[in-house]
Amino acid sequence: MSGTELEQELSQAELAAFFGRELLGWYDVVKRKLPWRINRDPYRVWVSEIMLQQTRVDTVIPYYERFMQRFPTVQALAEAPEEDVLKHWEGLGYYSRARNLQAGAREVVERYNGIVPDDAASVASLKGVGPYTAGAIMSIAFNRSEPAVDGNVMRVLSRFWLLEDDIAKPATRVKIEKLARSIIPEGRAGDFNQALMELGALVCTPKSPGCLTCPVMEHCAGRLAGREAELPIKTKAKPPRPEWRLGVVVEGSGENAGRVLVRQRPDTGLLARMWELPHVLVPKDAEKRLRSDKSEAESEREQASLADLLARMLHEEAGLLIRPLRHWTKAEHVFSHIHWHMDVFEADLPSIGAVASGDVNASEQSILAEGLGLVAEATSSYEGDKKLPSGYAWIGPEAMDTLAFPNLFLKLLQQHWGIKGRG
DNA sequence: AAGTCGGGGGT
DNA sequence: ACCCCAGACTT
């Protein structure tokens, strides 16, 4: 301490007044023009806040524009087919947000006559609306004095007030909510909450924060202590568990030439109700057996083993008989809790002619040996496109605007047809 | 309290 | 590579 300067000890109320005044003054000058800020329509605010959950502003903007164009009102969203809603969410991730949002819209139509209720408890009860989103809607759309504490706000307030609580713990969000509620300037809840987030996004960033341009640096306890870089405190997440999966691009023939076999995922769980290429999880015991060859280039022998496993598991799990042709590509995809390593094969359906003429490889024989009757039945029915296993369908590039795929499979399909188109 | 739920951009 | 993003829901 210098000794010549009197450290002004500001009270909590004085700090809050300073913080609110300076932050709002800064926000009024620099706030970004964003598509959900053209008015305060509660439905528009609602949709934006759901999309912005765990998703950056720049990523959301084009999705938001398309979504609002297609579903401009609560009624429009409530009446739409779910598939249509998912299609407009395609690539954005966390797809339960889309399903919950539509469920919420239908609830607003049925229970509130299509008007988003101006009531914190009612808004908070809507599907997909948690503590943050309820506070954001109430403050931004209705200017109610409710806190809206997201990752930005926890970071900003942790630094300004030098809070050393672990923001990964749920209890910390509750604590910071109480603080945030207590410092909302009278009559400006919406602007204040947005200003907090704007500061976190533009200035008080996770790494190398721009303290020199920060409107509240003068009394930021974290900065004054020289500790802004180590705040907020957050425990590390566990790394995603690895999974080895075998996928397949099954090419159709005859009337399905140029099409690929896809399937719809179950109603719950990961990527619920999204469409995908068929794939199977390599069991851990089989993994040890098949990974004996650790060399860079996979041998033909190993690929044949993988293809064999793929065909057999697909038959057991889905009753689907395929004929793997060749290894096509590898694909990696990382979720927050799972890391997929995929080997994708090209395949077609076994034909009766091929079986009869003996034009089959060894691995295929092991599959087909289980019953030529099955093959015959499968072949005739598949070609008619009538008796595919439940949830399976043929799709060509022209129909891609009807089914919603997660990005992983979207890219694989585009790669498949893209190469074909250029070749 | 810990796990589940996508995908991408910043550093 | 690792971190984090205008988080919510389930167990």
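About its Cα centre, what dipole magnitude does chain A give when the only charges are +1 on Lys and Arg Cβ and -1 on Asp and Glu Cβ, stated in debye to the nearest 20?
In debye, rounded to 20, chain A gives about 560.
Once the piece of chain linking A:L10 and A:E79 is laid out straight, how much longer is it, given 0.36 nm per residue of separation minus the C-alpha distance between them?
19.4 nm
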**Prompt:** Using the alpha-carbon atoms, what tilt in degrees (0 to 90, nearest 10) does helix A:300-318 show relative to the longest principal axis of chain A?
**Reply:** 80 degrees
**Request:** Compare A:H219, A:H337, A:H315 in a GNM of chain A, Cα atoms joined below 10 Å, and give the one with the largest fluctuation.
**Result:** A:H337
**Message:** With the cut-off at 26 Å, tell me which of the pairs A:K234/A:K284; A:K178/A:K234; A:K87/A:K236; A:K288/A:K330; A:K238/A:K284 have Cα atoms farther apart than that.
**Reply:** A:K234/A:K284; A:K87/A:K236
**Fill in**
Helix A:407-422: inclination vs chain A longest Cα principal axis, degrees, rounded to 10, gives 50 degrees
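Specify whether the C-alpha gyration tensor of region A:125-201 places it in the rounded, prolate or oblate class, a ≥ b ≥ c being the square roots of the eigenvalues: rounded for a/c under 1.5, otherwise prolate if a/b is larger than b/c and oblate if not. Could the numbers behind the result be given before it?
Details: a/c = 1.84, a/b = 1.26, b/c = 1.46.
Oblate is the answer for region A:125-201, as a/c is 1.5 or above yet b/c matches or exceeds a/b.
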**Request:** Determine the gain in length on full extension of the stretch A:S122-A:E186; use 0.36 nm per residue of separation and subtract their C-alpha separation, reporting nm with one decimal.
**Result:** 20.7 nm
**Prompt:** Using alpha carbons only, how many degrees (0 to 90, rounded to 10) separate the axis of helix A:12-30 from the longest principal axis of chain A?
**Reply:** 60 degrees
**Item:** Sum of -39500 (n - 2.57) over DSSP H runs of 4+, divided by residues of chain A (222 nm, nearest 500)
**Value:** -14000 deg cm²/dmol
**Asked** What does the accessible area of A:S125 come to, in Å² to the nearest 10, when a probe of 1.4 Å is used?
**Response** 70 Å²
**Complete:** Taking A:D308, A:D41, A:D401, A:D118 and ranking on accessible area (1.4 Å, protein atoms only), highest first, one gets A:D401, A:D118, A:D41, A:D308
**Message:** At a threshold of 8 angstrom on Cα-Cα distance, excluding pairs fewer than six apart, so keeping six or more, what relative contact order does region A:119-181 reach in percent?
**Reply:** 25 percent
**Request:** Consider all pairwise Cα distances in chain A and report the whole-number % of them above 41 Å.
**Result:** 35 percent
**Prompt:** For A:T55 and A:S299, FRET efficiency with R0 = 41 Å and r from the beta-carbon atoms, rounded to 0.05?
**Reply:** 0.45
**Prompt:** Can you work out the FRET efficiency for the pair A:A286 and A:A229, with r the C-beta to C-beta distance and R0 = 51 Å, to the nearest 0.05?
**Reply:** 0.65
**Message:** At 1.4 Å probe size, put A:E83, A:E230 in order of accessible surface, largest to smallest.
**Reply:** A:E230, A:E83
**Request:** Show the residues, 5+ positions off or on another chain, whose built amide H is closer than 5 Å to the amide H of A:V249.
**Result:** A:F345, A:E346, A:A347
**Prompt:** At a probe size of 1.4 Å, how large is the accessible area of A:E14, to the nearest 10 Å²?
**Reply:** 100 Å²
**Request:** Roll a 1.4 Å probe over the protein heavy atoms and report the accessible area of A:I233 in Å², nearest 10.
**Result:** 60 Å²
**Request:** Along Cα→Cβ, 7 Å out, is where each label goes; now give me the distance between the ones at A:K238 and A:R265 in nm to one decimal.
**Result:** 2.0 nm
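Using a 1.4 angstrom probe on the protein heavy atoms only, could you order A:E276, A:E107 from most to least accessible area?
Working: A:E276 5, A:E107 30 Å².
I get A:E107, A:E276, largest accessible area first.
The values are calculated or read from the model by the stated rules, or taken from the named source; none is laboratory data. Keep in mind that this is a model prediction, so the values were computed, not measured. Note that we place each Cβ from the backbone using ideal geometry, even for glycine, and neighbour counts take in every protein chain shown. Ligands, DNA and RNA are stripped out before the accessible areas are found, and what is left, the full protein with its side chains, is counted by its heavy atoms. Shrake-Rupley method; radii C 1.70, N 1.55, O 1.52, S 1.80 Å.
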